[in-house]
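The values are calculated or read from the model by the stated rules, or taken from the named source; none is laboratory data. Please read all numbers here as calculations on a predicted model, not as lab measurements. Cβ coordinates were reconstructed from backbone atoms using ideal geometry, including for glycine residues, and neighbour counts include every protein chain displayed. These accessible areas exclude ligands, DNA and RNA; they are computed on the full protein's heavy atoms, side chains included. Shrake-Rupley method; radii C 1.70, N 1.55, O 1.52, S 1.80 Å.
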Amino acid sequence: MSLILSKLADTIGDSPTLKINAAARALKAAGQPVIHLGGGEPTYPAPQAAVDAIIQKAQSRKIKYSPSSGTPELKKAILHYTLTQYGRRYEPANVLVSAGAKQALFNFLLATVNPGDEVIFPAPFWVSYPEMVRMAGGTPVIVRPTEGLMVKADQILKAVTPKTKAILINSPCNPSGQIYSAEFVKTIVEFAEANQIFLVMDDIYRELVFDGQTTPNPCQYAQAAENLIIINGVSKLYGLTGLRIGWAVSANKPLIAAMGRMQAQSTSCNSDLSETAAAAALLGDQNVVADLRRVLQENRDALLAEVAKIPNVRVQKPQGTFYSFIDFSHYNADSNALAQYLLEKALVAVVPGKAFGAEGYLRVSFCADKASIIEGVRRIRWALDKTAPNEIKIGDKLVTRD
């Protein structure tokens, strides 16, 4: 008898971003001078408040199971954050703490999607959205821009069918860094509520915006908001990716309870140590967020200045996140092949745009240190632009372009 995997296992692919991370780490471990511009975590150090909380908790030697839906202390911190950011006052039963925003979203899909249900989201999209919807038994419905990197609200509305269970919006957007306008958000919020469609706002980059801009508040346009779910976490906001703490907030207590049951039967609960640190970060000195935002904006500007030196590429200035989404189709419309070429030829890791629903693009991150960003883009130009100098120093070797 042969051992056969499930149909689901055969249809769900690897995470492209995690795959790139693994390839870059392997090359670095082999001593190669790789520059990683494909990552999704700031190099910014952990907030001192979180570090102090971890030390104090560890020294207590009381590191046990936590409540499945999150500790009271962390829920209190999240409720304070929600009131400050969204102007909505909720109760602990309106909050579910998860092992990252990704699990919070997955819990939502498991709790709401039936086989054949459709979940609508715009392209470009975070690489995991389609696979997560499929894993929950749903059908991803991708709405693509007619121009540029942003869809219009009426395109989303026209994609709605009787099978539509949810609309999913990520703003600022990974990978484009673009912020959906207040008019766009208002239209989607009001339509979804009037038509009793779940609306998930993936707000993980909400505060990482530049040039004095702000991200529109969906709660401003909602009434009862029973259909609205806001997902967030500490990974991006504080550079605390290693804590693996995210959350979902909704006025819909039965929904949050159902999501909690999904979590209780899978991961049981979150790390007690991580929840303690996350609460400390949320309640600690918020100047760390402003400082991270300043560093990222400087990095973005440095990256754009270098990219401008590469002929025949197109990029829309990122308004937030720590990603740029650059059109390299002039050089190779096959983004997988181009990303592989840059990794092998220039030892620069980037993520293919195909994974985000936009072929010909590469996602180039600017959350590394500024020197690495400048050097990485310089290598990319050398590998692609025939007018660039024929030789370049990569690490301690002088390399000649073919």
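Assuming a ≥ b ≥ c are the square roots of the Cα gyration tensor eigenvalues, decide whether the range 1-140 counts as rounded (a/c under 1.5), prolate (otherwise, with a/b larger than b/c) or oblate. Oblate shape, in that a/c is at least 1.5 and b/c is the bigger or equal ratio.
Between the beta carbons of Tyr341 and Asp385, assuming R0 = 22 Å, the FRET efficiency works out to 0.95 to the nearest 0.05.
So what is the relative contact order for the range 98-145, in percent, with contacts set as C-alpha pairs under 8 Å and at least six apart?
Working: 55 pairs, mean separation 20.2, N = 48.
Reported as a whole number, the value is 42 percent.
Straight-line cross-link partners of Lys165 among the lysines, defined as a Cα under 22 Å from its Cα and at least 8 positions apart when in the same chain: Lys102, Lys152, Lys186, Lys253. Taking trypsin sites (Lys or Arg not before Pro) as exposed when their DSSP state is a loop state and no more than 10 other Cβ atoms lie within 10 Å, the longest site-free interval of the chain runs over 90-385.
Given the rule -39500 (n - 2.57) for each run of at least 4 DSSP H residues, summed and divided by the residues of the chain, what is its mean residue ellipticity at 222 nm, to the nearest 500 deg cm²/dmol? Provide the component values of the computation, followed by the final result.
Values: 13 runs with 156 residues, N = 402.
Rounded to the nearest 500, it is -12000 deg cm²/dmol.
With R₀ fixed at 35 Å, the C-beta to C-beta distance from Ala194 to Gln32 puts the FRET efficiency at about 0.05.
Here the range 1-76 exposes an accessible surface that is 59 percent carbon and sulfur, computed with a 1.4 Å probe and the other protein chains kept in place. Which of these, Tyr90, Tyr238, Tyr65, has the largest mean-square fluctuation under a Gaussian network model of the chain (Cα springs below 10 Å)? Maximum among the listed residues: Tyr65. When you work out D = kT/(6 pi eta Rh) for the range 249-340 at 20 °C and 1.002 mPa s, using the Kirkwood radius from C-alpha pairs as Rh and the Stokes-Einstein form, the result is 120 µm²/s.
Cα-based radius of gyration for the chain, normalised by 2.2 N^0.38 Å, reads 1.00. Around the amide H of Ser271, modelled in the peptide plane, lies no amide H under 5 Å away from a residue 5 or more places distant or on another chain.
Translational D (Stokes-Einstein, µm²/s) of the range 88-149 at 20 °C and 1.002 mPa s when Rh comes from the Kirkwood sum over C-alpha pairs? Spell out each step's value before the answer.
On the way: Rh = 13.2 Å.
Using the Kirkwood radius from Cα pairs, D works out to 163 µm²/s.
Report the FRET efficiency, 1/(1 + (r/R0)^6), for Asp291 and Ser2, where r is their Cβ-Cβ distance and R0 is 56 Å, rounded to 0.05. Result of the calculation: an efficiency of 0.50.
Computed over protein heavy atoms with a 1.4 Å probe, the accessible surface of the range 269-340 works out to 39 Å² per residue. Rounded to the nearest 20, the size of the Cβ-charge dipole of the range 77-145 about its Cα centre is 180 debye, with Lys and Arg at +1 and Asp and Glu at -1.
Computed from label points 7 Å out along Cα-Cβ, the spacing between Gln85 and Ile12 is 2.6 nm. Other residues lying with their Cβ under 15 Å from the Cβ of Ser324 contribute a combined charge of +2, Lys and Arg counting +1, Asp and Glu -1. Summing Cβ point charges (Lys, Arg +1; Asp, Glu -1) relative to the Cα centre of the chain gives a dipole of roughly 480 debye. Kirkwood radius and radius of gyration were both taken over the C-alpha atoms of the range 183-242, and their ratio Rg/Rh is 1.04.
Within the chain, DSSP assigns beta bridges of which about 55% are antiparallel (rounded to the nearest 5). Only the Cβ atoms of Lys and Arg (+1) and of Asp and Glu (-1) were treated as charged; on that basis the dipole of the range 165-209 about its Cα centre amounts to roughly 100 debye. Counting only protein heavy atoms and a 1.4 Å probe, the range 4-138 has 52 square angstrom of accessible area per residue.
Take the alpha carbon gyration tensor of the range 92-236, find the square roots of its eigenvalues, order them as a ≥ b ≥ c, and report rounded if a/c is under 1.5; if not, report prolate when a/b exceeds b/c, else oblate. Taking the square roots of the gyration eigenvalues as a ≥ b ≥ c, the range 92-236 is rounded. Taking a ≥ b ≥ c as the square roots of the Cα gyration tensor eigenvalues, the range 171-325 comes out oblate, since a/c reaches at least 1.5 and a/b does not exceed b/c. At a threshold of 8 angstrom on Cα-Cα distance, excluding pairs fewer than six apart, so keeping six or more, what relative contact order does the chain reach in percent? Averaging sequence separation for qualifying contacts and normalising by length gives 23 percent for the chain. Computed with the Debye formula from one identical point scatterer per Cα of the range 99-183, without solvent, the log10 of I(q)/I(0) at q = 0.20, 0.21, 0.25 Å⁻¹ comes to -0.94, -1.02, -1.30.
By accessible area of protein heavy atoms, probe 1.4 Å, what ranking do His36, His330 get, highest first?
On the way: His36 55, His330 110 Å².
Final ranking, largest accessible area leading: His330, His36.
A simple spin-label model places the labels of Ala22 and Ile63 2.6 nm from each other, with each point 7 Å out along Cα-to-Cβ. Surface composition of the range 263-382: carbon plus sulfur atoms hold 49% of the accessible area, using a 1.4 angstrom probe and ignoring ligands, DNA and RNA.
Express as a percent, rounded to the nearest 5, the fraction of DSSP beta bridges in the range 132-284 (both residues included) that run antiparallel.
Just about 35 percent of them are antiparallel.
Spin-label model, Arg314/Gln213: points 7 Å from Cα along the beta carbon direction are separated by 1.8 nm. Could you identify which residue out of Ala99, Ala194, Ala279 has the top mean-square fluctuation in a GNM of the chain using Cα springs shorter than 10 Å? Per the Cα network of the chain with a 10 Å cutoff, Ala194 tops the list. Max-minus-min Cα coordinates of the range 333-402 on each principal axis give 36, 28, 19 Å, with the largest extent listed first. At q = 0.26 Å⁻¹, what log₁₀ I(q)/I(0) does the range 226-277 have when each alpha carbon counts as one equal point scatterer in the Debye sum? Once normalised to I(0) and log-transformed, intensities are -1.06.
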